Amino acid sequence: MAHFLVEYRELGNASAREEKRGDHIAYRKGLGSAMALAGPLLDDDDKPIGSIVIVEADDRQAAQETANADPYVANGVFELVSVRKYRIAAMKPPAAA
């Protein structure tokens, strides 16, 4: 298994974003330990402009299939930009809120 960095671009479809948010979150949670990290890319005003996910998969094709299966892709909220092999060299857990 390898890790892949998945990048999405936000398409500005606010109504679909709100409507499918629960499905999107459930999908990502459903990835379980295969999802190492996920979060939005933000502009200077903290508005989402995309998303980054690091997933574990057998190969690039499997990672791309996982990326395309996100409900936000099928419903026009995200466009898949890239899927690149990634090596996690160090990781600092976020501070407790």
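Any read-out appearing in this document is the output of simple, stated calculations on the displayed coordinates, not a laboratory observation. Keep in mind the model is a prediction, meaning the values are calculated, not measured. FYI the Cβ positions are ideal-geometry reconstructions off the backbone, even for glycines, and counts take in every protein chain you see.
Once you put a point 7 Å from the Cα of Leu41 and another 7 Å from the Cα of Ala74, both along the Cβ direction, what distance in nm separates them?
2.4
Could you derive backbone 3J(HN,Hα) for the stretch 86-96 from the dihedral phi with the Karplus parameters 6.51, -1.76 and 1.60 (θ = phi - 60°), listing whole Hz in sequence and x where the residue is Gly or Pro?
9, 10, 7, 8, 7, 8, 10, x, x, 5, 5
Under the definition of Cα pairs under 8 Å and six or more residues apart, what whole-number percent is the relative contact order of the chain?
With pairs under 8 Å counted, the relative contact order is 46 percent.
Mind pulling the angle between the C-alpha long axis of helix 14-30 and the longest principal axis of the chain? Nearest 10 degrees, somewhere in 0 to 90.
Once rounded, the angle reads 20 degrees.
So what's the projected area for the chain, the Cα convex hull averaged over all directions, in nm²?
Its average projected convex-hull area is 6.9 nm².
In whole Hz, what ³J(HN,Hα) sequence does the stretch 65-72 give by Karplus (6.51, -1.76, 1.60; θ = phi - 60°), x for Gly and Pro?
With the stated coefficients, the stretch 65-72 comes to 5, 4, 4, 6, 7, 4, x, 5 Hz.
Only residues of the stretch 51-71 count here: report those whose backbone N is under 12 Å from the spot 7 Å along Cα→Cβ of Leu11, or say none.
71
Do you know the Lys pair count in the chain for C-alpha distances under 23 Å, with sequence separation 8 or more or different chains?
5
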